[in-house]
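Remarks on the structure that follows.
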Amino acid sequence: MRIAIASDHAAFDLKARLREWLIEEGHEVADLGPDSPDSVDYPDYGYKLADVVADGTARLGVALCGSGIGISISVNRNPAVRCALVSEPLSAALAREHNDANVIALGARLIGIDMAKACIGAFLTTEFAGGRHQRRVDKLSQPPAFKEQA
């Protein structure tokens, strides 16, 4: 599976470790940066990640920053993307199963590598349940403000 991954400087090291693990697991990984631990603005990387997931270049995404909060907010500015900030595997699985989340966000200062792998593993192996959840996901993709502008 093609997965995009992006972070800010606070999550640079976690991003590098997760990128290598995902490759070892057989995934094709698009690393959207940053390329060093120098200070950057997380919205820039969140927007890049959202764009490649929205346009189908990557099927799923992994967004990382210190807390996971800021980058998840920036990713969720794109109505075609549903980013879930999680810190344990059950929430990661439910984000896919009930919300058809296509990006997972994690906080590098809050969880370690093993928990990050467990969350991503659950996220990648859980399918969207559809059914009654589909109409809710449709509403997430078409917020009322965007319908009025169309």
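The values are calculated or read from the model by the stated rules, or taken from the named source; none is laboratory data. These figures come from a predicted structure and were not determined experimentally. Virtual Cβ from ideal backbone geometry, glycine too; neighbours counted across all protein chains shown. Ligands, DNA and RNA are stripped out before the accessible areas are found, and what is left, the full protein with its side chains, is counted by its heavy atoms. Shrake-Rupley method; radii C 1.70, N 1.55, O 1.52, S 1.80 Å.
The Cα atoms of the stretch 1-79 cover 29, 29, 18 Å along the three principal axes, with the biggest extent listed first. Heavy atoms of the protein only, probe of 1.4 Å, neighbouring chains included. What is the accessible area of SER72 in Å², nearest 10? We get 10 Å² for SER72.
Summarising the amide proton neighbourhood of LEU85: residues at separation of 5 or more, or on other chains, whose placed amide H is nearer than 5 Å comprise ALA105. Taking 7 Å steps out from each Cα toward its Cβ at ASP13 and LEU110 produces label points 2.0 nm apart.
Keeping the other protein chains in place, figure out the carbon and sulfur percent of the accessible area of the chain, with a 1.4 Å probe.
Working: 3720 of 7490 Å².
Looking at the chain in its full context, I get 50 percent from C and S.
The listed residues HIS27, HIS9, once ranked by accessible area (1.4 Å probe) with the largest placed first, stand as HIS9, HIS27.
At a Förster distance of 25 Å, what's the computed FRET efficiency of GLU20 paired with THR57, Cβ-Cβ distance as r, to 0.05? Please list the in-between numbers first.
Details: r = 21 Å, r/R0 = 0.83.
Computed FRET efficiency for GLU20 and THR57: 0.75.
Only beta bridges with both residues in the chain are counted; by DSSP, about 0 percent of them are antiparallel.
Just checking the listed ones, LEU49, LEU85, LEU32: in the Gaussian network model of the chain with Cα springs under 10 Å, the one fluctuating most is LEU32. Accessible surface for TYR42 stands near 90 Å², nearest 10, in the context of the full protein assembly shown (1.4 Å probe). Of the whole protein surface, GLU88 contributes about 60 Å² of accessible area at a 1.4 Å probe radius. Rolling a 1.4 Å probe over the heavy atoms of the protein chains gives the stretch 17-150 an accessible area of 53 Å² per residue.
Just by accessible area at a 1.4 angstrom probe, what is the order of LYS15, LYS117 from largest to smallest? Don't skip to the answer; put the middle values down first.
Details: LYS15 0, LYS117 65 Å².
Ranking LYS15, LYS117 by accessible area, largest first, yields LYS117, LYS15.
Binning the alpha carbon pair distances of the stretch 36-85 at 10 angstrom intervals from zero yields the distribution 29, 56, 15, expressed in whole percent.
Applying the Karplus relation 6.51 cos²θ - 1.76 cosθ + 1.60 with θ = phi - 60° to the stretch 42-50 yields 3J(HN,Hα) values of 4, x, 4, 7, x, 5, 4, 5, 4 Hz, where x marks Gly and Pro.
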